[in-house]
Amino acid sequence: MGSGRNHRRVAIIGGGISGLAAAFRIRELAAAREFPLEAALFEKGPTLGRALATISEDQFVIETGADSFLSEKPWALELAKRLGLEPELIGTDERFRKTCVVRAGRLVEIPEGFTLLAPTKFLPVFKSPLFSLPGKLRMAFEPLIPARRGGSDESLASFVTRRLGRGVLDRVAQPLAGGIYTADPAALSLMATMPRFIEMERRYGSLFKGLRAASRNRPVQSRGTSGARWSLFLSFRGGMRTLVEALATRLGECVRMRTAVAGLARPGGGGGGWRVGMADGVEFDADAVVVATPAYDAARLLRPHDVELARLLGEIRYSSAASVNIAYRAADLPRPPESFGFVVPVKERRKIIACTFSSVKFPHRAPEGAVLMRAFLGGTLQAEMMGLEDAAMVAAAREEIAALLGGGAEPILAHVQRWPEQMPQYAVGHLDRVAQIERHAATLPGLALAGAAYRGVGVPDCVHSGEQAAEAVLNYLQTRT
């Protein structure tokens, strides 16, 4: 394919952050290599960026999806810098850099030095009301637990229970997994989500010893925190939408909105390129294609070309969740937020799985005298909440916030955003499945896959996935020139 043209053509299917990063990177690289190339990005919806969706309203900066990205993984930060967005970057407010967990109707701070799954210090754990006395004693025995042999995958629940006991699973690991992955820890792959804990067990024989070693190398300003490494999270003054808008501006006319891809054909046979067929009957002939859609859409598009590839893609399940942004007058909250938010263990039997205090976590998210927060509902363990109407979701969030923070005043604003089948679930064995997917995809010349379904759900992971797909496609095209 490509006869009659003096340049190559690439189709990118999907306008989420992975697709946008792929389109930008392939144009960036093609220009640097002086390789004539036309890229076209097809997005079926009316907006780009999917989960990077910011609303600006009455001096509020409202994030309906991802509110930040991790700078420890460099790809999103590097992309922001290449786009000239470095002056727009903001960090979290260090005064409130802590996370809480709901226990018996109260917000209890995760003990100092507790990093996601395990502690680096035992004294704060023993002083904390978060864990029972038997749970604390079980945790103290962690350095004496033998390391697991063998390299097979393990669920998060199995790993945490084996090394630290059921108390840590119920009170910290499960709610954090729910907040990050909207997942069931009994099904969640540790290898695909938190591999560094596996490496710590292998290298040090103990998480406590491994985390202590890591903490000695950590910058001083990030010590003394609890929960996630908040100092490593960044956003933009105008919200995460800033990144999407910058990419859209740079990509310009190569972005084609409201253009649903109905199918992919290979009119030239094994090495003859791809024909992208649209729902309206229009076709686009390409020398290569990047499929940056959810796995279930990729399965549909690729089934005619590799049934086994489609089956493997279809095995990646997704969960649904909703975010409810609510703002209150600060004076109406008897107990004002003094942390970045809280997570809710499923055993607490509440209607939300987590809540972020947006205007505490980042500056300039709410006008003076107001507090903006965001509650999350649904996920794998509370899927029934997705059946509620929007008004009922707002009522559920208000009820829980009133119970935990006090007060019951009318909010200044409330906004519901549903994310149906948005979060891929990395089941035990996920990386083996992804390796099989990649082997099958490699047999289809000029095809690359990208997105959250494969090797990371965070914004940096998605950017990296898109950029890797772009580099692979361009390298393929250059070998055929």
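The values are calculated or read from the model by the stated rules, or taken from the named source; none is laboratory data. Everything numeric here is computed off the predicted structure, so don't read it as measured data. Cβ coordinates were reconstructed from backbone atoms using ideal geometry, including for glycine residues, and neighbour counts include every protein chain displayed.
Filtered by the rule that a residue be loosely packed, with under 15 Cβ neighbours inside 10 Å, over 31 Å from the mean Cα position of the chain (by Cα), closer than 21 Å to residue 6 by Cα and free of Cβ contacts under 8 Å to residues at least 60 places away in the same chain, the stretch 244-288 gives a lone residue, 283.
Only a single item in (1) under 23 Å from the mean Cα position of the chain (by Cα); (2) surrounded by fewer than 17 Cβ atoms within 10 Å (Cβ to Cβ); (3) not basic (Lys, Arg) is not met by residue 293, and it is number (2). Against the test of being surrounded by fewer than 16 Cβ atoms within 10 Å (Cβ to Cβ) and either among the polar types (S, T, N, Q) or touching a helix residue (DSSP H, G or I) at 6+ places or on another chain (Cβ under 9 Å) (or both), the options 403, 395, 427, 409 yield a single qualifying residue, 409.
Filtering the stretch 379-392 down to residues that are surrounded by fewer than 24 Cβ atoms within 10 Å (Cβ to Cβ) and of a type in the set (Gly, Ala, Ser), which residue is nearest to the chain's Cα centre (by Cα)? The qualifying residue nearest to the chain's Cα centre (by Cα) is 383.
Looking for something more than 20 Å from the chain's Cα centre (by Cα), more than 27 Å from residue 352 (Cβ to Cβ) and in contact (Cβ under 8 Å) with a residue 40 or more places away in the chain - is there at least one such residue anywhere in the stretch 93-105? No, the stretch 93-105 contains no residue that is more than 20 Å from the chain's Cα centre (by Cα), more than 27 Å from residue 352 (Cβ to Cβ) and in contact (Cβ under 8 Å) with a residue 40 or more places away in the chain. Take residue 359 and decide whether it is free of Cβ contacts under 8 Å to residues at least 60 places away in the same chain, touching a strand residue (DSSP E or B) at 6+ places or on another chain (Cβ under 7 Å) and surrounded by fewer than 24 Cβ atoms within 10 Å (Cβ to Cβ). Yes; evaluated as a whole, the condition is true for this residue. Taken over the stretch 61-74, the residue count meeting the criterion of being surrounded by fewer than 21 Cβ atoms within 10 Å (Cβ to Cβ) and either of a type in the set (S, T, N, Q) or part of a strand (DSSP E or B) (or both) is 2. Against the test of being surrounded by 18 or more Cβ atoms within 10 Å (Cβ to Cβ), outside the structural domain of residue 455 (by TED's automatic domain parsing) and over 22 Å from the mean Cα position of the chain (by Cα), the options 138, 166 yield a single qualifying residue, 138. Against the test of being at pLDDT 95 or above and not assigned by TED's automatic domain parsing to the domain that holds residue 399, the options 158, 132 yield a single qualifying residue, 158.
Before we move on, is residue 376 farther than 30 Å from residue 295 by Cα, in contact with a Gly (Cβ under 9 Å, 6 or more places away or on another chain) and buried (at least 18 other Cβ atoms within 10 Å of the Cβ)? For residue 376, the condition - farther than 30 Å from residue 295 by Cα, in contact with a Gly (Cβ under 9 Å, 6 or more places away or on another chain) and buried (at least 18 other Cβ atoms within 10 Å of the Cβ) - is not met. Taking the numbered list (1) of a type in the set (S, T, N, Q); (2) in a loop (DSSP other than H, G, I, E, B); (3) surrounded by 22 or more Cβ atoms within 10 Å (Cβ to Cβ) in turn, residue 152 passes all entries but (3).
Being assigned by TED's automatic domain parsing to the domain that holds residue 337 and assigned to a helix (DSSP H, G or I) is the requirement here; does residue 87 meet it? It is true that residue 87 is assigned by TED's automatic domain parsing to the domain that holds residue 337 and assigned to a helix (DSSP H, G or I). All conditions but one from (1) at pLDDT below 95; (2) touching a Gly at 6+ places or on another chain (Cβ under 9 Å) apply to residue 263; the one that does not is (1). Does residue 331 meet the test of being in the same structural domain as residue 401 (by TED's automatic domain parsing), more than 21 Å from residue 56 (Cβ to Cβ), hydrophobic (A, V, I, L, M, F, W, C) and part of a helix (DSSP H, G or I)? Yes. Only residues that are farther than 21 Å from residue 157 by Cβ, of a type in the set (A, V, I, L, M, F, W, C) and modelled with pLDDT of 90 or more were counted in the stretch 101-122, giving 3. The residues on offer are 406, 446, and the sole one that is out of contact with any strand residue (DSSP E or B) (no Cβ under 7 Å at 6 or more places or on another chain), in contact (Cβ under 8 Å) with a residue 24 or more places away in the chain and at positive phi is 406. Picking from residues in the stretch 451-473 that are in contact with a strand residue (DSSP E or B) (Cβ under 6 Å, 6 or more places away or on another chain) and within 19 Å of residue 429 (Cα to Cα), the one that is surrounded by the fewest Cβ atoms within 10 Å (Cβ to Cβ) is 452. If only residues of the stretch 1-57 that are outside any loop (DSSP other than H, G, I, E, B) and without any contact (Cβ under 8 Å) to a residue 12 or more places away in the chain are counted, the one that is surrounded by the most Cβ atoms within 10 Å (Cβ to Cβ) is 31. Can you say whether residue 436 is surrounded by fewer than 21 Cβ atoms within 10 Å (Cβ to Cβ), under 22 Å from the mean Cα position of the chain (by Cα) and not hydrophobic (A, V, I, L, M, F, W, C), as far as the supplied structure shows? So residue 436 does not fit the description; no. Within the stretch 285-315, the set of residues being in a loop (DSSP other than H, G, I, E, B), out of contact with any Lys or Arg (no Cβ under 8 Å at 6 or more places or on another chain) and charged (D, E, K, R) comprises 303, 306.
When we screen 414, 448, 435 for residues that are over 30 Å from residue 152 (Cβ atoms), out of contact with any Ser or Thr (no Cβ under 7 Å at 6 or more places or on another chain) and of a type outside the set (Phe, Trp, Tyr), the only hit is 414.
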